[in-house]
Amino acid sequence: MTGSANPLESLQTQLDEASRHVEVADDVLERLRHPKRVLESNLVIERDGGTLERFRAYRSQFNGDRGPYKGGIRYHPAVSRDEVVALSGWMAYKCAVVDVPFGGAKSGIAVDPDALSAAELERLTRAYATELRPLIGEDRDVPAPDVNTGPREMNWLKDTYETLERTTAPGVVTGKSLESGGSEGRVEATGRSTVVAAREATAYLGRSLDGATAAVQGYGNAGWISAKLLDEMGVTVVAVSDSDSGIVDRDGLDPAEVKAHKDATGNVLGYDGSDACTNEELLTLDVDLLIPAALESVIDATLARDVSANIISEAANGPITPDADAILAENDVFVVPDILANAGGVTVSYFEWVQNRQRVSWSEDRVNEQLEAVIVDAFDSLCRTVEERNIEIPRTAAYVLAIERIDRAYEQGGRWP
Ligand code: NAD
């Protein structure tokens with residue numbers, strides 16, 4: 001379920017809001033509202049039965065002022081051009097917030113991956129990689145996983161690129177499996193930063209995670225890892241969901257067992273001792289911490305009024321619409337914005353890229369320690385910006401930080417042409 005709000009309009013409203021607090025020229029701000037370029041392709045592959053089928057695919061390169069374009073690839077039936085452009089913009093601002101030297105990009109293919117065999121998905125991914133080849137490269141544009149893609153798809157993309165280019169270039173894509181040049185800690189990175197950000201927000205508000213309760217919407221990579229790490233920190237995870245349904249158990253769910261149940265049955269519903277709930281019910285449960293980890297615009301103004309959590313840490317990109325943001329702020333709900341909370345994914349992608357370029361590999365402990373330092377540092381900068389500029393909504397402060405960093409990189413490069 002992507003809510004009805006248009007994610008690109010949400011991004012532009014967020015930028016407008018932040019622009020009231022920055023001293024950046026209007027013409028530069030206008031430049032930062034739109035993507036540099038968008039590739040739109042029709043991918044045609046042969047289905048296992050021998051017929052041909054067409055799939056619409058996009059790659060949006062939003063901004064490259066601070067380094068190579070960077071962003072994941074989403075496989076989902078609801079993928080649209082506006083969604084991909086918004087996601088690419090969020091990537092540019094996210095990399096700036098955590099000060100990772102990348103720009104922002106994103107890809108989407110309008111496909112239901114569950115309806116394709118593994119062989120068909122491989123043909124689709126290789127067809128897409130062939131289309132992307134002129135645009136991507138270790139120093140140009142570096143894709144990564146997103147919803148419904150993971151190490152398998154990234155390995156196929158790397159192999160296609162390297163075969164066509166007749167070279168080895170592991171840093172052309174991140175989120176690969178360890179055997180194909182991936183990094184320790186990459187699979188857990190998004191959930192880890194979401195949880196570190198939630199922990200920092202809890203301490204900032206003078207609260208404690210010990211004995212706190214949490215609800216997690218979405219039980220894929222970002223959601224399940226968030227639930228697991230929260231559980232390890234002593235938080236009681238009382239509800240989780242996926243696209244079919246949610247489950248709730250006020251005594252606490254065992255995240256690893258729920259994951260095993262989902263792996264075995266295809267969804268979280270029916271997990272031992274839990275009751276069913278809808279995704280809307282999950283988002284408004286009486287919990288301390290809410291982690292949206294599915295898709296965009298799931299908390300709109302209507303639903304925001306019923307949110308009971310004190311803190312929201314956004315694992316998903318764009319889960320809260322701008323009008324909902326205002327209501328949550330009025331109700332003293334502290335929202336750690338996506339462009340900081342889920343930035344662990346791109347931060348460890350950056351670590352993976354550095355390791356690939358240097359042909360070395362780091363230990364998991366080193367990855368996790370450096371990730372923690374980056375997120376804590378970004379959270380401190382966010383709070384300083386909130387306080388020094390007297391900004392009410394943390395998301396706005398995150399955009400202020402990001403816009404100023406991108407603006408400085410652009411201005412200092414000079415104008416070309
Ligand atoms: P995923 O494909 O691993 O999991 C997505 C999950 O969301 C699945 O459990 C699916 O069932 C669930 N879902 C889909 N529609 C839903 C709905 N309507 N209601 C409830 N659940 C629903 O994807 P992921 O990588 O975990 O990505 C989740 C979110 O995190 C996305 O917004 C993505 O952009 C963001 N994100 C991911 C990464 C990453 O590294 N994977 C990094 C940054 C941000």
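The values are calculated or read from the model by the stated rules, or taken from the named source; none is laboratory data. Small disclaimer: the values here were computed from a predicted structure and weren't measured. Here the Cβ is made from the backbone with ideal geometry for all residues, glycine too, and neighbour counts use every protein chain on show. These accessible areas exclude ligands, DNA and RNA; they are computed on the full protein's heavy atoms, side chains included. Shrake-Rupley method; radii C 1.70, N 1.55, O 1.52, S 1.80 Å.
Candidates Leu52, Val195, Ala397 compared by Cα position along the dipole of the chain: farthest toward the positive end lies Leu52, with charges placed on Cβ.
Beyond 20 Å, what share of the Cα-Cα pairs of region 273-356 remains, rounded to the nearest whole percent? Value for region 273-356 (Cα pairs over 20 Å): 36 percent. The largest accessible area among Lys158, Lys106 belongs to the first residue in Lys158, Lys106, and the rest follow in falling order (1.4 Å probe, all chains). Taking a Cβ cut-off of under 9 Å around Gly103, the surrounding Lys, Arg, Asp and Glu residues balance to a net charge of +1, with basic ones at +1 and acidic ones at -1. Averaged per residue, the chain has 40 square angstrom of accessible surface, using a 1.4 angstrom probe with ligands and nucleic acids left out. Measuring nothing but alpha carbons in region 262-417 and taking Rh as the Kirkwood radius, the Rg to Rh ratio lands at 1.05. Pairs exceeding a 23 Å alpha-carbon distance, out of Lys36/Lys70; Lys36/Lys106; Lys228/Lys262; Lys158/Lys228; Lys70/Lys259: Lys158/Lys228; Lys70/Lys259.
Per-residue extension of 0.36 nm, minus the Cα-Cα distance of Arg81 and Glu364, leaves a gain of 98.3 nm for this segment. Taking the chain as a Gaussian network of alpha-carbon nodes connected by springs under 10 Å, the highest mean-square fluctuation of the residues Glu138, Glu296, Glu388 belongs to Glu388.
Here region 36-180 is treated with +1 on each Lys and Arg Cβ and -1 on each Asp and Glu Cβ, and its dipole about the Cα centre works out to around 380 debye. Label reach from Glu23 (point 7 Å along Cα→C-beta): in region 355-386, amide nitrogens under 20 Å belong to 384-386. Estimated from helices alone, the mean residue ellipticity of the chain at 222 nm is -14500 deg cm²/dmol (sum of -39500 (n - 2.57) over DSSP H runs with n ≥ 4, per residue).
Highest mobility in the GNM of the chain, judged by mean-square fluctuation with C-alpha springs under 10 Å and restricted to Ala294, Ala201, Ala343, is found for Ala201.
Give the relative contact order (percent, whole number) for region 36-180; include only Cα pairs under 8 Å separated by 6+ residues. Could you put the intermediate results ahead of the total?
Numbers: 311 pairs, mean separation 35.5, N = 145.
Value for region 36-180: 24 percent.
FRET efficiency for the pair Glu232 and Glu281, taken as 1/(1 + (r/R0)^6) with r the Cβ-Cβ distance and R0 = 30 Å, rounds to 0.70. Multiplying the residue separation of Arg56 and Arg384 by 0.36 nm and removing their Cα-Cα distance gives an extension gain of 113.8 nm. Given an 8 Å cut-off on Cα distances and at least 6 residues of separation, report the relative contact order of the chain as a percent. After rounding, I find 17 percent. Each residue, Ala373 and Glu30, gets one label point 7 Å from its Cα in the Cβ direction; the gap between the two is 4.2 nm.
Neighbours of Leu11 by Cβ distance under 12 Å: Lys/Arg scored +1, Asp/Glu scored -1, total -3.
Multiplying the residue separation of Glu179 and Asp114 by 0.36 nm and removing their Cα-Cα distance gives an extension gain of 20.8 nm. GNM remark for the chain: springs join alpha carbons under 10 Å apart, and the peak mean-square fluctuation among Leu15, Leu290, Leu116 falls on Leu116. Think of each Lys and Arg Cβ as +1 and each Asp and Glu Cβ as -1; about the Cα centre, that makes the dipole of region 80-166 roughly 140 debye.
Take 128-134, 31-37 and order them by the average number of nearby Cβ atoms within 10 Å per residue, most first; the result is 128-134, 31-37.
Once you have a ≥ b ≥ c as the square roots of the Cα gyration tensor eigenvalues for region 1-95, tell me rounded if a/c is under 1.5, and otherwise prolate or oblate according to whether a/b is larger than b/c. Prolate shape, in that a/c is at least 1.5 and a/b is the bigger ratio. Highest mean packing comes first when the peptides 166-175, 255-264 are listed by Cβ atoms within 10 Å, giving 166-175, 255-264. With all protein chains present, how much of the accessible area of the chain (probe radius 1.4 Å) comes from carbon and sulfur, to the nearest whole percent? Heavy-atom surface of the chain belonging to carbon and sulfur, 1.4 Å probe: 44 percent.
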